[in-house]
1. Hey, can you tell me all the residues within region 178-214 that are among the aliphatic types (A, V, I, L, M) and surrounded by fewer than 18 Cβ atoms within 10 Å (Cβ to Cβ)?
2. Being small (Gly, Ala, Ser) and over 20 Å from the mean Cα position of the chain (by Cα) is true for just one of ALA75, ALA15. Which residue is that?
3. Please tell me if LEU58 is buried (at least 17 other Cβ atoms within 10 Å of the Cβ), more than 16 Å from the chain's Cα centre (by Cα) and in contact (Cβ under 8 Å) with a residue 24 or more places away in the chain.
4. Are there any pairs, at least 6 apart or on different chains, whose C-beta atoms fall under 6 Å, with the first in region 174-201 and under 15 Å from ILE74 (Cα atoms) and the second among the charged types (D, E, K, R) and surrounded by fewer than 17 Cβ atoms within 10 Å (Cβ to Cβ), and if so, which?
5. Scanning region 35-55 for residues that are touching a residue at least 12 places away in the same chain (Cβ under 8 Å) and open to solvent by 60 Å² or more (accessible area, probe 1.4 Å), which turns out nearest to ASN167 (Cα to Cα)?
6. Among the numbered criteria (1) out of contact with any Pro (no Cβ under 7 Å at 6 or more places or on another chain); (2) surrounded by fewer than 24 Cβ atoms within 10 Å (Cβ to Cβ), which one does ALA115 miss?
7. In the set ILE147, ILE120, which member is closer than 20 Å to PHE9 by Cα and modelled with pLDDT of 95 or more?
8. Any idea which residue in region 92-104 is nearest to the chain's Cα centre (by Cα), counting only those that are touching a residue at least 60 places away in the same chain (Cβ under 8 Å) and surrounded by fewer than 22 Cβ atoms within 10 Å (Cβ to Cβ)?
Amino acid sequence: VKSNALKAFAKTSYATKTISADRNQKSFKLTLEQFMAKRGGKAIASKGKSIKKQNEALFARIEKRYGVPAGPLIAIWGMETGFGSQRGNQNMLSSIATLAYDCRRSAFFTEHLYAALQLIDRGALSPAQRGSMHGEVGQTQFMPKAILAYGTGNLENSANALNSTANFLKAHGWRAGAGYQPGEAHFAAIQAWNAAGVYPKALALMGRQLAGGE
């Protein structure tokens, strides 16, 4: 790790808000209906349909390249950041360093800490990068290790973020044509994105709604 990343790491501080958020993820224990209501599912679906119509060419290119249709990508984008409006304002490096230090999931976040330092070395992330409580960054909320593996450009840019998200899903087994509802072939790829409680079921349902399935 080069000096600029080490200097950034030296300026990290214990993120108390991150620890509090990590200990209180109660929404994942809700029923699907409760979760959708809490996360504004109807509003996301309504705006998502408009975004889909406005960006038909972009989503067509992504589907041709990765095999991933617009529905689940828009669902992820909407659920993760409200289409870019809620990307978080926590210091990314402090959040991840705190979780690497914390005993609950230390090994998992230590890998992301090393990845974050590599990305800072490369200039792909700023030492002052802001993100969500667990260190997720960009329009669809990528963790640093995933950025290294699947990122296709600056994830603050929506087209790059959507391409990167499709690249992630393809790498986790997504192939054109199969379904992604619970019990179908590509639900595992949705779970790879986020397996927490009801979250993948909500993504699958919203993806179907955005595709016009109900």
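1. Just the residues of region 178-214 that are among the aliphatic types (A, V, I, L, M), to begin with: 178, 185, 188-190, 192, 195-196, 198, 202-206, 210-211.
Within region 178-214, ALA178, ALA185, ALA188, ALA192, ALA195, ALA196, ALA211 meet the criteria.
2. Numbers: ALA75 fails: over 20 Å from the mean Cα position of the chain (by Cα).
Going through ALA75, ALA15 in turn, just one is small (Gly, Ala, Ser) and over 20 Å from the mean Cα position of the chain (by Cα): ALA15.
3. Working: buried (at least 17 other Cβ atoms within 10 Å of the Cβ): yes; more than 16 Å from the chain's Cα centre (by Cα): yes; in contact (Cβ under 8 Å) with a residue 24 or more places away in the chain: yes.
Yes; evaluated as a whole, the condition is true for this residue.
4. Partner pairs satisfying both residue conditions: none exist.
5. LYS52
6. (1) is the only condition that ALA115 fails.
7. Working: ILE120 fails: modelled with pLDDT of 95 or more.
When all the criteria are applied, what remains is ILE147.
8. First pass over region 92-104, keeping only residues touching a residue at least 60 places away in the same chain (Cβ under 8 Å): 93-95, 97-99, 101-102, 104.
If we keep only those that are surrounded by fewer than 22 Cβ atoms within 10 Å (Cβ to Cβ) as well, we get 94, 101-102, 104.
Values: SER94: 19, TYR101: 22, ASP102: 22, ARG104: 21 Å.
For region 92-104, the residue satisfying everything is SER94.
The values are calculated or read from the model by the stated rules, or taken from the named source; none is laboratory data. Remember, it's a predicted structure, so these values are computed and weren't measured experimentally. All Cβ positions, glycine included, derive from the backbone under ideal geometry; neighbour counts span all protein chains shown. Heads up: the accessible areas ignore ligands, DNA and RNA and are worked out on the full protein's heavy atoms, side chains in. Shrake-Rupley method; radii C 1.70, N 1.55, O 1.52, S 1.80 Å.
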